[in-house]
């Protein structure tokens, strides 16, 4: 641990596919060094890493966790001074958190939940899918839009693919989400609002990812087309409300307890702003798109490492 004569040490947790970090996070090492903090990438499931040797462990590109969510959460519980905390990661790695946001009055995309324990037949799945419009199927535990597909309710072949997609996920023991596809994503995209220490840092725009049925994804995630964006007051309001609910759910009650957060919102089919995802685990923060954001994040990490 830190002494008066040694620099704080920080691990930037990543995965074995990106042992040197995602390119967007790599500049953190130099930025932290400039602040007197010795930072280094560390693969989260590497048994040779001594996590107790670090003054803080910041979860970054651990993007292979979704197939081993229980293992990932158990790892987080063993790591001293992990940021965000294990309680946050446990809560946020299951998209069932959307139920809590909705119950608290935060607008979210309407979601149908399919439980693998019910052993639903293909016919039962068919009767539960939307009768019209496009819709999305994805597992409750997922990252980077993997295992996610977009389907057309009124087109027989597409509906058949949707049933099979849902069935495959359920048979593998994964809970499934079914949501109407938000058509504004095709024109306006998604807005991601990034917060550091509970304070707004910057916003980005993400173009539509889902163009058709689920197909196996090469790599850890689907490639995203991002650009800087100016968020609206309504988007700010919804994002802050979502973070407040999350802070209450994990016991702290203060959004400043989150080292980092990204709230992804879209314009719903009724014209209002709705939350599509609340990212408190390992979100891309797109630091390269917002001048000053790298410094803000490095300052926040350095301050926590020195405590």
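No lab work stands behind these numbers, since they all come straight from the coordinates. The structure presented is a predicted model; accordingly, all values stated were derived computationally and were not measured. Here the Cβ positions follow ideal geometry from the backbone for every residue, glycine too, while neighbour counts run over all protein chains shown.
Using the beta-carbon distance between residue 186 and residue 53 and R0 = 51 Å, what value does 1/(1 + (r/R0)^6) give for FRET efficiency, to the nearest 0.05?
Step by step, r from the Cβ atoms, then E = 0.60.
Taking every DSSP beta bridge that has both residues in the chain, what percent is antiparallel when rounded to the nearest 5?
About 75 percent, rounded to the nearest 5.
Compute the Cα gyration tensor for the range 112-180, then decide on rounded, prolate or oblate, letting a ≥ b ≥ c be the square roots of its eigenvalues: rounded whenever a/c is under 1.5, prolate when a/b is larger than b/c in the other cases, and oblate in all that remain.
oblate
Any idea how far the Cα center of the range 236-264 sits from the one of the range 107-160, in Å?
28
For residue 94 and residue 299, calculate 0.36 nm times their separation in residues minus their Cα-Cα distance, and state this gained length in nm to one decimal.
Extra length from residue 94 to residue 299 when fully extended: 70.9 nm.
Enter the angle in degrees (range 0 to 90, nearest 10) between the Cα long axis of helix 293-305 and the first principal axis of the Cα atoms of the chain, meaning the one along which they spread out most.
Once rounded, the angle reads 60 degrees.
To the nearest 10 degrees, how steeply does helix 156-171 sit against the main Cα axis of the chain, on a 0 to 90 scale?
Long axis of 156-171 versus the principal axis of the chain: about 50 degrees.
Order of 226, 177 from fewest to most other C-beta atoms within 10 Å?
Final ranking by Cβ density, sparse to dense: 226, 177.
Multiplying the sequence separation of residue 270 and residue 172 by 0.36 nm and subtracting their Cα-Cα distance, what value in nm do you get?
31.8 nm
Past the 18 angstrom mark, what percentage of all C-alpha to C-alpha distances in the range 156-203 do you count?
The proportion of pairs with Cα distances above 18 Å equals 60 percent.
Please work out whether the range 74-215 counts as rounded, prolate or oblate from its C-alpha gyration tensor, where a ≥ b ≥ c are the square roots of the eigenvalues and a/c under 1.5 means rounded, while otherwise a/b larger than b/c means prolate and anything else oblate?
Verdict is oblate for the range 74-215.
From largest to smallest, what semi-axes in whole angstrom does the range 9-92 give when each is the square root of 5 times an eigenvalue of its alpha carbon gyration tensor?
They are 20, 14, 11 Å, listed from largest to smallest.
Compute the FRET efficiency between residue 117 and residue 74 as 1/(1 + (r/R0)^6), taking r as their Cβ-Cβ distance and R0 = 25 Å, and round to the nearest 0.05.
With R0 = 25 Å, the Cβ-Cβ based efficiency is 0.65.
In nm, to one decimal, how far is the residue 45 label point from the residue 236 one, both placed 7 Å along Cα→Cβ?
4.1
What residue among 162, 103, 77 has the largest mean-square fluctuation in a Gaussian network model of the chain, using Cα springs under 10 Å?
With Cα springs under 10 Å in the chain, the top fluctuation among 162, 103, 77 is at 103.
Once a ≥ b ≥ c are taken as the square roots of the eigenvalues of the Cα gyration tensor of the range 63-131, is the result rounded (a/c under 1.5), prolate (a/b larger than b/c) or oblate (a/b not larger than b/c)? Before the final figure, lay out the partial values.
Numbers: a/c = 3.54, a/b = 1.69, b/c = 2.09.
Oblate, because a/c is 1.5 or more while a/b does not exceed b/c.
Taking 20 °C and 1.002 mPa s as the conditions, I'd like the Stokes-Einstein D for the chain in µm²/s, using the Kirkwood hydrodynamic radius from alpha carbon pairs. Could the numbers behind the result be given before it?
Working: Rh = 20.2 Å.
Translational diffusion coefficient: 106 µm²/s.
In what sequence, highest mean first, do 250-257, 47-54 appear when ranked by Cβ atoms within 10 angstrom?
250-257, 47-54
Let's test the formula: R0 of 41 Å, r as the Cβ-Cβ distance of residue 156 and residue 17. What FRET efficiency results, to the nearest 0.05?
About 0.60, to the nearest 0.05.
Grab the DSSP H runs of the chain that are 4 residues or longer, score each as -39,500 (n - 2.57), total them, divide by all residues and round the 222 nm result to the nearest 500 deg cm²/dmol. Could you put the intermediate results ahead of the total?
Details: 9 runs with 88 residues, N = 307.
Computed ellipticity for the chain at 222 nm equals -8500 deg cm²/dmol.
Return the single residue from 199, 279, 225 with maximal mean-square fluctuation; model: Gaussian network over the chain, springs between Cα atoms under 10 Å.
Largest GNM mean-square fluctuation: 225.
Relative to the first principal axis of the alpha-carbon coordinates of the chain, what is the inclination of helix 69-78, with its axis defined by its Cα atoms, in degrees from 0 to 90 and to the nearest 10?
It works out to around 20 degrees.
Sticking with the crude label model, points 7 Å out along Cα→Cβ, report the distance from residue 103 to residue 30 in nm, one decimal please.
4.7
Take 82, 109, 137 and order them by how many other Cβ atoms sit within 10 Å, fewest up front.
Ordered from fewest to most neighbouring Cβ atoms within 10 Å, 82, 109, 137 come out as 109, 82, 137.
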